[in-house]
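To start, the structure under review is shown below, and the notes come after it.
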Amino acid sequence: MTATTHRAPADTEAATVEIHDVHKWYGTHRVLDGVDLTVRPGEVTVILGPSGSGKSTLLRVVNHLERPEIGHVSINGELIGVRRQGERLKELSERAILTQRSRIGFVFQNFNLFPHLTVLDNVAAAPVATGKLGKPEAVELARELLGRVGLADRTGAYPRQLSGGQQQRVAIARALALRPGVILFDEPTSALDPELVGEVLAVIKDLATSRTTLLIVTHEIGFAREIADRVVFIDGGRIIEQGPPSEVLDKPRHERTRDFLSKVL
Amino acid sequence: MSEPPGATVTLPEARAAAEPPKAVTAQRVLPLRRPGRWIATAVVLVLAAQFVHGLVSNPFYQWDRFGYWFLRPAILDGLLITLEVTVYSAVLGLAGGILLALARLSGSPVLRAVSWLYVWAFRSVPLIVVLIFLYNFSALYKTLSVGVPFGPAFFSFDESKLATDMVIAVVGLSLHEAAYAAEVVRGGILSVDQGQHEAASALGLPKGYQFRKVVFPQALRSIVPNYVNQLIGLIKGTSLVFYVSLLDLFGAAQTMGSTYPGDIVPLLLVVTVWYLVLTSVVSVVQFYVERHYARGATRSLPPTPLQKLRAGLAGLRVRIRQEAAV
C-alpha cells in the first residue's frame, strides 16, 4: 500500500458535529434513546457496540439518511435535515437535504459503488452533479484522490473487476471528492476478507492524520486503539461510556463495556 | 490434486513396457463417444430437410407469386405504416410506462392507486376492443379542449379532424403498450439494489440525476430483454390496426388477397417473411443494447458473433495443429 501522506486539500474545513438528544424508534422498538455527542473538528471518534445497539442508525442520523423522531444533529452549527420554526423542528425539502449531504462523506459497509460506471467516473460524478466542479477539474481531482488511495492504475476498471479492499478504497476516494468536513464510516471493513482489511484501514489512518473529522463504526478494536481520539461505547440506543481508548478499552468502568470487550477481543 | 492418481502410477510402467516411450501418446485421453447424440442429430437433420423440401416443392405455396408480391409498392407502403405505428407506439408506450412505473413507486397513495388502476384496466381489455372503442370515440366526445380543469377552455380541437386513422392506431397501441411497459420498468427499477439509492442520496446527487444516471441505467439491464419481448408483441399487434381501416403490412396483404383470391397463400407468406425480418432486426439490436448495458455488471462483456467466430476459428486451428503433431 502506497498511500501518499499529503494533507487534505486546503479548502476542506474540519467540521464540528453535535448530536443533541437524538431519539429514533421503529414502531415500539427504540433504536436510539437520547444520544448526546459532540465531536470536535479533526477529532477521530470510534463508535463501538454490540450488533443492534443503534450505532449504525446513529451514523445514518448524522447525514439524515434516517430522520430522528426527537432531537437534532448540527454540523458547524447548521442543523442537518431540519430547520427551526418557532419552538419546533421542521424537515427540510429533499433538495436542501441533498445539498447538506454533499458536505458529509459517507462510506458504506458494502461499498455501494455504481457498478455501471468506471472507477474514475464513480469518483468524479458527484462533484460534477452537485455543481461543485467542472468536468475537467473533477476528473483531475478524481485522479489525484485515486492516487492517494493507491489506485492510480485502476481508473478505467469497473468496480466488479476490483477486490473488496480496492472497492472500499474507491468508495473512500468517492466520499473525499466532495471535500467533506466530516466523513462517516459504517463498518468499512466488515464485508472484507481478513487479508484485505489492512489496506482499507491504512487509508483511513492516513485520513486520520489529515485534518478531517471522522466518525467510525467498527469492530476493529486494535485499530480503534491506534487511531481514535475518543471511543464511544453504545448499547441499547444509549451511550454507556466514552473517553480516550486508554480508558474505555483498557480500563472500562461499565459492566456492559467489559462484557462486550471480553467477547470481541 | 488435479492429476488422476492412476496417471502417475502407470507412467513408469508404461515407459518400461513400450520402447521408445512417448510421454504424450501414453497420456492421451480419448473423449467419451456419444452415439445417441449422433442419432438424434441425424433424425433432426432428416426432418428439417423434409420440411424445407416440402416448402420448396409444394406448388400450393406459389413461390413465383411470392416473388411477385414481396416488393410490390402496395406491400411496401403497408410495411412503412407498420413501421411508423410501431415506432410511435413503442416510444410513447415506453414513456408512458416510465411515468406509470414512477407513479406506482411514489410515496403518494393516490398516484399509486391511479397507476395500478390504469395497468389493471388496460391489461384486462383486449387491444382490439381499445382500438375499436377509440375509433368511435369522436361520437362520444365531439371536441377536445385545453384549459382550466372544469373551467374555461383555451383551445379546442375538432376531434373528427384530429383523430386520423393513424392517430387512433398510435394512441390505442400506446395506451395498451404503456400498461405492459409500466410493469417491465417497475420490475427493472425494483431490481436495482437499495444500496445504490442510499449511496446516491448520501452523495447528495440531485434527485433527477439519481434516477437518470444511477438507477435507470442499472434498471435497463433487466428492462431491455423484457421490453424487447414486449416490442416484438407490439410489432405483431400492429396488424390489428387493419380493423380501424389503416392499411398496414397485414392490411395491405389482406386487401390484395380479396382482389386476387388465388394469391392469398403467397401473400400470407410475404407478410410472414416481413415480420420475420422485422423481429430479426430487433433481436440483433437487442444483443448490442444488452451488451452495452452489461458494462460493469459482468467482469467481461459477452463476445459479439464476429468475435465468437474468430475465437472458434482460432480454436479449430489450434486443435488441427495439435492433432497433426500427435
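The values are calculated or read from the model by the stated rules, or taken from the named source; none is laboratory data. What you are looking at is a predicted structure, and each value in this text was computed from that prediction instead of being measured. Methodologically, a virtual Cβ is constructed for each residue, glycine included, from the backbone with ideal geometry; neighbour enumeration extends over all protein chains shown.
Is it the case that segment A:65-82 has a residue that's basic (Lys, Arg), under 20 Å from the mean Cα position of the chain (by Cα) and at the interface with chain B (Cβ under 9 Å from one of its Cβ atoms)? Within segment A:65-82 (the criterion being basic (Lys, Arg), under 20 Å from the mean Cα position of the chain (by Cα) and at the interface with chain B (Cβ under 9 Å from one of its Cβ atoms)), the answer is no, since none of the residues qualifies.
Any idea how many residues of segment A:61-93 are surrounded by 17 or more Cβ atoms within 10 Å (Cβ to Cβ) and assigned to a loop (DSSP other than H, G, I, E, B)? Qualifying residue count, segment A:61-93: 8.
B:Leu246 - would you say it is in a helix (DSSP H, G or I), buried (at least 20 other Cβ atoms within 10 Å of the Cβ) and in contact (Cβ under 8 Å) with a residue 24 or more places away in the chain?
On the way: in a helix (DSSP H, G or I): no; buried (at least 20 other Cβ atoms within 10 Å of the Cβ): yes; in contact (Cβ under 8 Å) with a residue 24 or more places away in the chain: yes.
No; evaluated as a whole, the condition is false for this residue.
A:Val232 - would you say it is of a type outside the set (D, E, K, R), touching a residue at least 40 places away in the same chain (Cβ under 8 Å) and within 15 Å of A:Gly165 (Cα to Cα)? So A:Val232 does not fit the description; no.
Here's the yes/no breakdown for (1) within 14 Å of chain A (Cβ to nearest Cβ); (2) in contact (Cβ under 8 Å) with a residue 40 or more places away in the chain; (3) of a type in the set (Gly, Ala, Ser):
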residue: B:Asp193; (1), (2), (3): yes, no, no
residue: B:Glu198; (1), (2), (3): yes, no, no
residue: B:Ser201; (1), (2), (3): yes, no, yes
residue: B:Leu205; (1), (2), (3): yes, no, no
residue: B:Pro217; (1), (2), (3): yes, yes, no
residue: B:Leu220; (1), (2), (3): yes, yes, no
residue: B:Asn226; (1), (2), (3): no, yes, no
residue: B:Leu231; (1), (2), (3): no, yes, no
residue: B:Val241; (1), (2), (3): no, yes, no
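Considering segment B:64-73, and only residues there that are among the hydrophobic types (A, V, I, L, M, F, W, C) and surrounded by 14 or more Cβ atoms within 10 Å (Cβ to Cβ), the residue that is nearest to B:Leu278 (Cα to Cα) turns out to be B:Phe70.
Evaluation of A:Ala175 against the conditions (1) in contact with a helix residue (DSSP H, G or I) (Cβ under 8 Å, 6 or more places away or on another chain); (2) assigned to a helix (DSSP H, G or I); (3) of a type in the set (A, V, I, L, M, F, W, C) shows that the sole unmet condition is (1). If you go through segment A:128-150 and keep only what is more than 13 Å from chain B (Cβ to nearest Cβ), part of a loop (DSSP other than H, G, I, E, B) and either farther than 20 Å from A:Ala208 by Cα or in contact with a strand residue (DSSP E or B) (Cβ under 7 Å, 6 or more places away or on another chain) (or both), you end up with A:Leu133, A:Gly134. Of the residues screened, A:Ala96 is not one that is in contact (Cβ under 8 Å) with a residue 12 or more places away in the chain and either in a helix (DSSP H, G or I) or more than 10 Å from chain B (Cβ to nearest Cβ) (or both).
Search segment A:105-123 for residues being outside any strand (DSSP E or B) and among the aromatic types (Phe, Trp, Tyr), and hand back the single one that is farthest from the other protein chains (Cβ to nearest Cβ). Break it down into steps so the answer makes sense when it comes.
Going residue by residue through segment A:105-123, those that are outside any strand (DSSP E or B) are A:108-123.
Keeping just the survivors that are among the aromatic types (Phe, Trp, Tyr) gives A:108, A:111, A:114.
Numbers: A:Phe108: 6, A:Phe111: 8, A:Phe114: 6 Å.
By that ranking, first place goes to A:Phe111.
For segment A:246-256, state whether one or more residues are in a helix (DSSP H, G or I) and among the basic types (Lys, Arg).
So the first thing to find is which residues in segment A:246-256 are in a helix (DSSP H, G or I), and the list is A:246-248, A:255-256.
Subset that is among the basic types (Lys, Arg): A:256.
Yes, some residue in segment A:246-256 is in a helix (DSSP H, G or I) and among the basic types (Lys, Arg).
What residue, of B:Gly188, B:Gly195, is assigned to a helix (DSSP H, G or I) and either in contact with a Cys (Cβ under 7 Å, 6 or more places away or on another chain) or more than 22 Å from B:Val289 (Cα to Cα) (or both)? After ruling out the rest, the residue left standing is B:Gly195. If I filter segment B:251-269 for residues that are assigned by TED's automatic domain parsing to the domain that holds B:Ala181, buried (at least 19 other Cβ atoms within 10 Å of the Cβ), within 18 Å of the chain's Cα centre (by Cα) and not basic (Lys, Arg), do I get at least one hit? For segment B:251-269, residues assigned by TED's automatic domain parsing to the domain that holds B:Ala181, buried (at least 19 other Cβ atoms within 10 Å of the Cβ), within 18 Å of the chain's Cα centre (by Cα) and not basic (Lys, Arg): absent. Search segment B:289-307 for residues being in a helix (DSSP H, G or I) and in contact (Cβ under 8 Å) with a residue 24 or more places away in the chain, and hand back the single one that is nearest to A:Leu162 (Cα to Cα). Across segment B:289-307, the extreme among qualifying residues is B:Tyr293. Residues of segment B:181-199 that are surrounded by 22 or more Cβ atoms within 10 Å (Cβ to Cβ) and either touching a His at 6+ places or on another chain (Cβ under 6 Å) or farther than 30 Å from A:Ala126 by Cα (or both): B:Ala181 alone.
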